[in-house]
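Down below is the structure, laid out as structure tokens.
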Amino acid sequence: MGQYVAPLRDMQFVMHELLHVEDELKQLPKHAEIDADIINQVLEEGGKFTSEVLFPLNHSGDREGCHHDKATQTVTTPKGYKEAYKQYVEAGWPALSCDPEFGGQGLPLVINNSFYEMMNSSNQAWTMYPGLSHGAYECLHAHGTPEQQALYLPKLVSGEWTGTMCLTESHCGTDLGLLRSKAVPQEDGSYKITGSKIFISAGEHDMSANILHLVLARLPDAPEGSKGISLFLVPKFLPNADGSLGARNPITCGAIEEKMGIHGNSTCQMNLDGATGWIIGGPHKGLNAMFVFMNAARLGVGMQGLGLTEVAYQNALVYAKDRIQMRSLSGIKAADKPADPIIVHPDVRRMLLTAKAYAEGARAFCSYVALQLDKELNHPDEAVRKDAADEVALLTPVVKAFITDNAWTATSECMQVYGGHGFIAEWGMEQYVRDARINMIYEGTNTIQSLDLLGRKVLMDGGAKLKKFGAKVQAFIEENGTDDALSEFITPLADLGDKVTKLTMEIGMKSFQNQDEAGAAAVPYLRVVGHLVYAYFFAQMAKIALAKQDSGDKFYVSKLATARFYFARLLPETAMLIRQARSGSATLMALDADLF
Ligand SMILES: Cc1cc2nc3c(=O)[nH]c(=O)nc-3n(C[C@H](O)[C@H](O)[C@H](O)COP(=O)(O)OP(=O)(O)OC[C@H]3O[C@@H](n4cnc5c(N)ncnc54)[C@H](O)[C@@H]3O)c2cc1C
């Protein structure tokens with residue numbers, strides 16, 4: 001069913017030529033030994049594992065889905081999933097970027113990030129099982145007690161046990177302040193937790209020996225709303241002190257959801273009937289602790305968008321070169337055939353280039369953010385760590401929302417390349433469209449990401465974080481502004497930078513008078529910022545490609561053409577978005593709800 005070849009050349013371009021990852025890592029004592037060879041080796045091995053082991057299960061897993069047995073409350077994953085997970089664990093992949101103190105390999109996140117792109121391209125539904133475990137690892141690593149870390153982290157790092165995040169309840173998704181699950185303290189320091197969670201990804205399955213659920217619940221004396229939420233670690237099997245499995249904890253799967261996509265991932269209703277758990281991060285501090293998980297997951301969801309964009313593009317490209325229909329408008333191109341391959345048609349090219357540009361822009365962007373995360377965690381200079389943390393905070397909602405919105409467009413365009421065959425399950429393209437849709441919804445909908453960007457990350461600190469990122473863009477503009485060859489990229493980048501500054505000030509002023517103004521502007525605003533980021537990276541990539549376009553390596557010719565397409569065809573969307581963002585809340589709020 002189709003193909004997936006890890007885009008190693010472009011990954012290496014981003015790592016070595018665009019971001020100079022090896023030099024950057026030399027500044028971080030923990031990663032100073034990592035060189036280009038190690039990076040390339042891991043990427044090559046990752047490419048083999050994902051394309052040979054995970055990709056062949058993608059379509060079959062989608063068709064088969066998961067099975068829930070009501071009597072035993074167990075979930076069976078699609079054929080081959082469990083065996084693939086065993087191979088993943090045996091090869092040591094779960095430990096890649098984890099702390100050596102707990103059995104990890106200690107590699108930087110920027111490498112792990114690229115591996116996740118490949119896993120998501122190969123099989124998003126399967127990748128969610130280890131993906132959630134990694135989020136649980138991050139959360140426990142940041143907020144667990146030393147005893148909790150000693151008992152649980154080695155199991156997560158080895159992949160022997162997996163993790164989940166249990167936030168959502170039927171009456172509360174976005175607004176976690178409404179949640180009702182209760183946690184009652186016990187004399188031995190544990191808690192008995194009762195409640196019902198829905199939509200829990202990987203909540204129950206047969207791939208690992210134990211599942212560590214991170215559950216949000218309220219203590220009896222909890223204040224109302226989001227200030228009264230605590231986080232608990234609730235294992236499926238209560239571990240003995242030596243890590244062996246003890247009694248079955250009453251946290252069980254009542255049902256799994258029938259859904260639009262990611263059929264290979266179990267989406268579970270989880271019932272907690274006095275399940276034993278242990279608090280993480282202190283009473284009423286659950287959201288703070290959970291944010292570590294949620295931020296990791298948001299970047300992870302961005303990688304899901306990138307993964308699907310890439311694999312959809314690769315397959316649409318093969319199809320467009322093979323499928324013959326009609327003749328080229330500018331004259332016959334394949335005289336030996338009864339018609340020309342559809343890649344001769346301008347609009348088929350537009351669709352392919354849209355996906356190509358969104359994949360390459362996202363790859364540069366995600367790798368950059370992952371590198372900033374490595375700096376935030378490991379740079380010896382506190383000021384550098386703080387700057388990196390600010391950038392990660394600013395850009396995380398953009399990674400999540402911009403990349404997944406684009407992935408929806410890109411997978412849909414790639415499906416369109418197939419004509420009617422794209423709509424037929426046999427070709428596999430419709431699965432990518434279905435799988436891509438959830439990424440805009442979970443981990444905080446893309447609307448919520450936009451509100452987070454505009455409200456919390458930009459307006460709340462008077463635009464300080466945005467200005468810091470803007471200063472980097474400005475430095476690049478000033479450094480290259482006199483280079484005529486680059487003006488086709490620099491001029492629109494500079495123009496958009498000015499417009500973002502003005503737009504931010506205008507929305508800030510308006511929302512000072514009326515908060516609905518921020519709500520009305522947030523979604524187009526995030527897209528405008530997303531384009532500013534992509535324009536910045538495409539301008540840098542174009543600069544490298546321009547210098548090497550005559551090197552004989554066609555990669556640079558292709559990169560330059562993609563950058564030109566991006567600036568000509570995708571970036572101009574910002575003109576419309578800015579008008580939308582400026583149009584204010586009046587037209588949205590004019591109608592009484594009963595007049596809709
Ligand atoms: C397949 C799948 C897997 C999932 N996995 C997990 C998981 O592993 N763990 C977990 O805890 N949850 C999980 N979820 C839940 C997911 O995170 C929620 O569905 C999501 O956060 C939205 O919550 P909701 O569905 O209750 O929608 P609601 O919160 O009811 O939102 C409905 C609509 O209102 C909008 N809205 C709400 N508030 C505002 C506002 N202030 N301003 C503007 N618009 C607003 C939303 O953007 C949305 O469009 C999963 C969901 C699905 C479908």
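Across the accessible surface of the stretch 38-87, with the other protein chains kept in place and a 1.4 Å probe, carbon and sulfur atoms take up 50 percent. If you plug the beta carbon distance of Thr145 and Lys472 into 1/(1 + (r/R0)^6) with R0 = 35 Å, you get a FRET efficiency near 0.35. Computed log10 I(q)/I(0) for the stretch 491-561 at 0.20, 0.22 Å⁻¹: -0.81, -0.90, from the Debye equation with unit scatterers placed on every C-alpha and solvent omitted. For the chain, the Kirkwood estimate of hydrodynamic radius, built from reciprocal distances between every pair of different alpha carbons, is 25.1 Å. Per-atom-type breakdown for the stretch 140-205 gives carbon and sulfur 55% of the accessible area (1.4 Å probe, protein chains only). Can you pull the percent of the stretch 278-393's accessible area that's carbon plus sulfur, 1.4 Å probe, other chains left in place? Reported share for carbon and sulfur atoms: 59 percent.
Binning the alpha carbon pair distances of the stretch 354-501 at 10 angstrom intervals from zero yields the distribution 10, 28, 34, 19, 8, 1, expressed in whole percent.
With R₀ set to 60 Å, the beta-carbon distance separating Leu245 from Ile544 gives a calculated FRET efficiency near 0.70.
Close amide-amide hydrogen proximity is noted between Cys98 and Gln105, Gly106, Leu107, each under 5 Å apart and 5 or more residues distant or on a separate chain (H modeled in the peptide plane; Pro and chain starts excluded).
Semi-axes of the equivalent ellipsoid of the stretch 17-136 are 32, 16, 11 Å, computed as sqrt(5λ) over the eigenvalues of the C-alpha gyration tensor in descending order. Extending 7 Å from Cα along the Cβ direction at Ala383 and again at Ala91 yields two label points whose distance is 4.3 nm.
Could you tally the net charge around Leu353, taking each other residue with its Cβ under 13 Å from the Cβ of Leu353, Lys/Arg +1 and Asp/Glu -1? Local charge sum for Leu353: +3.
The value of relative contact order for the chain, using C-alpha pairs under 8 Å at least six residues apart, is 13 percent. Taken over the stretch 438-596, the convex hull of the Cα atoms encloses 136 Å³ per residue. Surface exposure of the stretch 95-146, expressed per residue as accessible area with a 1.4 Å probe, stands at 22 Å².
Net charge dipole, the stretch 309-436: roughly 620 debye, given to the nearest 20, about the Cα centre with Cβ charges of +1 for Lys and Arg and -1 for Asp and Glu.
Please compute, over every Cα-Cα pair in the stretch 210-279, the percentage with a separation greater than 18 angstrom. The answer is 51 percent, as a whole percent. Modelled this way, with points 7 Å down the Cα-to-C-beta line, the labels at His171 and Thr409 are 4.0 nm from one another. Given the pairs Lys386/Lys499; Lys82/Lys227; Lys192/Lys386; Lys79/Lys259, which span a C-alpha to C-alpha distance of over 29 angstrom in this model? Distance filter (> 29 Å) returns Lys82/Lys227; Lys192/Lys386.
Seen from all directions on average, the stretch 298-402 presents a Cα convex hull projection of 8.2 nm².
Of the GluC sites (Glu not before Pro) in the stretch 104-197, which ones lie in a loop per DSSP and count no more than 10 other C-beta atoms within 10 Å? Mind dumping the intermediate values first?
Values: sites: Glu117, Glu138, Glu147, Glu160, Glu169, Glu187; in loops: Glu160, Glu187.
The qualifying sites are Glu187.
A 1.4 Å probe run over the protein chains yields, for the stretch 214-329, 37 Å² of accessible area per residue, whole-number rounding. Residues in the stretch 382-399 carry Karplus couplings, in order, of 4, 5, 5, 4, 5, 4, 5, 4, 4, 5, 4, 4, 5, 8, 4, x, 6, 4 Hz; the curve used is 6.51 cos²θ - 1.76 cosθ + 1.60 with θ = phi - 60°, and Gly or Pro positions show x. On a 0 to 90 degree scale, rounded to 10, what angle separates helix 109-143 from the longest Cα axis of the chain? It works out to around 40 degrees.
Do any trypsin sites (Lys or Arg not before Pro) in the stretch 398-447 lie in a DSSP loop with no more than 10 other beta carbon atoms within 10 Å, and if so, which? Please list the in-between numbers first.
Details: sites: Lys400, Arg434, Arg437; in loops: none.
Answer in residue order: no site qualifies.
Modelled label positions at Ala561 and Ala209, each set 7 Å beyond Cα in the direction of Cβ, lie 5.3 nm from each other.
Computed with a 1.4 Å probe over protein heavy atoms only, the accessible surface of the stretch 451-596 comes to 52 Å² per residue. Each other residue within a Cβ distance under 12 Å of Ala464 adds +1 if Lys or Arg and -1 if Asp or Glu, for a net charge of +1. Between 0 and 90 degrees, the angle of helix 554-565 with respect to the longest Cα principal axis of the chain falls at about 90 degrees. Candidate cross-link partners of Lys510 among the lysines, defined by an alpha-carbon separation under 16 Å and a same-chain spacing of 8 or more, comprise Lys502.
Based on C-alpha pairs under 8 angstrom that are at least 6 apart in sequence, the stretch 1-132 has a relative contact order of 26 percent. More than 24 angstrom separation, counting every C-alpha pair in the stretch 162-287; what % is that? Within the stretch 162-287, distances greater than 24 Å cover 24 percent of Cα pairs. Evaluating kT/(6 pi eta Rh) at 10 °C and 1.306 mPa s, with the Kirkwood radius of the stretch 549-596 over Cα pairs in the Stokes-Einstein relation, gives 111 µm² s⁻¹. Compared with the dominant principal axis of the Cα atoms in the chain, helix 81-90 is inclined by about 90°. Considering the stretch 67-176 at the alpha-carbon level, its Rg and Dmax are found to be 15.3, 44 Å. The 3J(HN,Hα) values that the Karplus relation (6.51, -1.76, 1.60; θ = phi - 60°) gives for the stretch 419-428 are, in residue order, x, x, 5, x, 7, 8, 4, 3, 7, x Hz. Gly and Pro appear as x. Taking every alpha-carbon pair within the stretch 377-459, the share separated by more than 19 Å comes to 54 percent.
Find out how many positive minus negative residues lie around Pro380, taking Lys and Arg as positive, Asp and Glu as negative, among other residues whose Cβ is under 15 Å from that of Pro380. Neighbour charge sum, excluding Pro380 itself: -1.
Each Lys and Arg adds +1 at its Cβ and each Asp and Glu adds -1 at its Cβ; summed about the Cα centre, the chain shows a dipole of about 1100 debye. The ellipsoid that matches the Cα gyration tensor of the stretch 449-501 has semi-axes, each √(5λ) in whole angstrom, of 27, 11, 7, with the longest given first.
Scanning residues 5 or more positions from Ser585 or on other chains, none has an amide H under 5 Å from its amide H, with H placed 1.01 Å from N in the peptide plane. Each Lys and Arg contributes +1 and each Asp and Glu -1, all at the Cβ; summed about the Cα centre of the stretch 421-555, the dipole is approximately 400 debye. Since only Leu19, Pro56, Val433 are under comparison, the one whose Cα sits farthest along the positive direction of the charge dipole of the chain, derived from C-beta charges on Lys, Arg, Asp and Glu, is Val433. Among 199-206, 173-180, sorting by the average number of other beta carbon atoms lying within 10 angstrom of each residue, highest first, gives 199-206, 173-180.
The values are calculated or read from the model by the stated rules, or taken from the named source; none is laboratory data. What you see is a predicted model, and the numbers here were worked out from it, not measured in a lab. Cβ atoms come from the backbone with ideal geometry, glycine included; neighbour counts cover every protein chain shown. For the accessible areas, the whole protein counts, side chains as well, though only heavy atoms, and no ligand, DNA or RNA atoms are used. Shrake-Rupley method; radii C 1.70, N 1.55, O 1.52, S 1.80 Å.
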